[in-house]
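The values are calculated or read from the model by the stated rules, or taken from the named source; none is laboratory data. Being a predicted model, the structure only gives us computed values, none of them experimental. With ideal geometry, Cβ positions are generated from the backbone for all residues, glycine too; neighbour counts draw on all protein chains shown. With ligands, DNA and RNA removed, areas are computed over all heavy atoms of the protein, side chains included. Shrake-Rupley method; radii C 1.70, N 1.55, O 1.52, S 1.80 Å.
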Amino acid sequence: MLLTPTIKDYSWGRVGSSSMVAQLLSPVKGSTISEDTPYAELWMGAHPSGSSTLPSGQSLLSYITQHPDVLGYQVSQKFGNSLPFLFKVLSVEKALSIQAHPDKPLAEILYNKDPLNYPDDNHKPEMAIAVTPFEVLCGFRSLDQIQKFIDEIPELRSIIKISRLESSKDLQQAFSELMNCDSKEVALQIVKLLASGDNIPEFELIHRLNKDFPGDVGILCVYFLQHFTLAPGQALYLPANEPHAYLSGDCMECMANSDNVVRAGLTPKFKDVDVLTTMLTFKSGNEWVLQSEELEPGRRLFKPPVEEFAVEVFDVSI
């Protein structure tokens, strides 16, 4: 079945033909690439926020609703008459928001309470496979490392009131103090931090984020969240309720069929700080790279601990 993807032009996407999304779109019949437009995401799936379309012009979502048998018996029995996963390609020029995705019970609560900002009642575990070097913030650093930053960076210490981080509850308090700090105070401390010179920890990233999001509280999340870069072919698995932000590069994503995002920084979109600071697991120092299983030469399987999806990767050069 030939499908045409949905394209999202979010402001953080790479612009014009520099975007991998645009490069994948350009062979599609009738497509033209604007060199002034950000091409952020390519969606292949059947979500109401952006369903793929058939050659007839009918949406894949509508087609599956009318012909649920195309899903197969096992999928229909487990997930009802809906495609359980959503596949994307992301091309990231500047940081996405500080965010997390809700588990199923919380997704149902958020959707019923605020369907405008939470468009479905599903959870959204997701996996990103790097196509180019893919820079991320993901999960909390170790308590010792966060404590060291608080002790050594006076601008951060002026915001965080708790003196010692010895447990996940302490981490929640410290992170909540940061995310709920007065925005003018945060902006002032970021100005002072950058004025102290380029020898501060994570200076390059702090400077880059401040250029795109001046004075935003998400900038100081750098001192709480792990910062690393996936090499091409490496994968990252994100279960529900874990903080992250993609910073730069290209990746393929697969996730449960949901568009639920709880945001709290580095974004002009709706922020839900109270929800974010209560939903997170506050686990620290975790390993996030997902290992693959080699099925045969040139064929690998990434299988996260979820039922909705797994991804096989083929090396066509072999």
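Looking at (1) open to solvent by 10 Å² or more (accessible area, probe 1.4 Å); (2) part of a helix (DSSP H, G or I), which one does I150 not meet, given that it meets all the others?
Tallying (1) open to solvent by 10 Å² or more (accessible area, probe 1.4 Å); (2) part of a helix (DSSP H, G or I), I150 fails exactly one: (1).
Can you go through E202, E166, E185 and tell me which one is over 21 Å from the mean Cα position of the chain (by Cα) and under 23 Å from S284 (Cβ atoms)? Lay out the reasoning, then the answer.
On the way: E202 fails: over 21 Å from the mean Cα position of the chain (by Cα); E185 fails: under 23 Å from S284 (Cβ atoms).
Matching residue, one of E202, E166, E185: E166.
Every residue in the range 207-251 that is open to solvent by 10 Å² or more (accessible area, probe 1.4 Å) and in a loop (DSSP other than H, G, I, E, B), please.
Within the range 207-251, F213, P214, G215, D216, A231, P232, G233, Q234, P239, A240, N241 qualify.
Could you figure out which of (1) in contact with a Phe, Trp or Tyr (Cβ under 7 Å, 6 or more places away or on another chain); (2) at pLDDT below 95; (3) not hydroxyl-bearing (S, T, Y) isn't true of I33?
(1)
For the range 16-25, how many residues meet the condition of being within 22 Å of S49 (Cα to Cα) and open to solvent by 30 Å² or more (accessible area, probe 1.4 Å)?
The qualifying residues number 2.
Can you find even one residue in the range 158-169 that is at pLDDT 95 or above, part of a helix (DSSP H, G or I) and open to solvent by less than 40 Å² (accessible area, probe 1.4 Å)?
For the range 158-169, residues at pLDDT 95 or above, part of a helix (DSSP H, G or I) and open to solvent by less than 40 Å² (accessible area, probe 1.4 Å): absent.
What are the residues in the range 290-313 that are under 17 Å from A130 (Cα atoms), under 21 Å from the mean Cα position of the chain (by Cα) and loosely packed, with under 12 Cβ neighbours inside 10 Å, if any?
Q291
Considering only residues that are among the hydroxyl-bearing types (S, T, Y) and open to solvent by 60 Å² or more (accessible area, probe 1.4 Å), look in the range 27-58 and name the one that is farthest from F79 (Cα to Cα). Write out each step before concluding.
Initial filter on the range 27-58 (among the hydroxyl-bearing types (S, T, Y)): 31-32, 34, 37, 39, 49, 51-53, 56.
Among the residues that remain, those that are also open to solvent by 60 Å² or more (accessible area, probe 1.4 Å) are: 32, 56.
Values: T32: 36, S56: 26 Å.
Top of the filtered list is T32.
Select, from F134, F149, the only residue that is aromatic (F, W, Y) and within 30 Å of G233 (Cα to Cα).
Unique residue meeting the criteria: F134.
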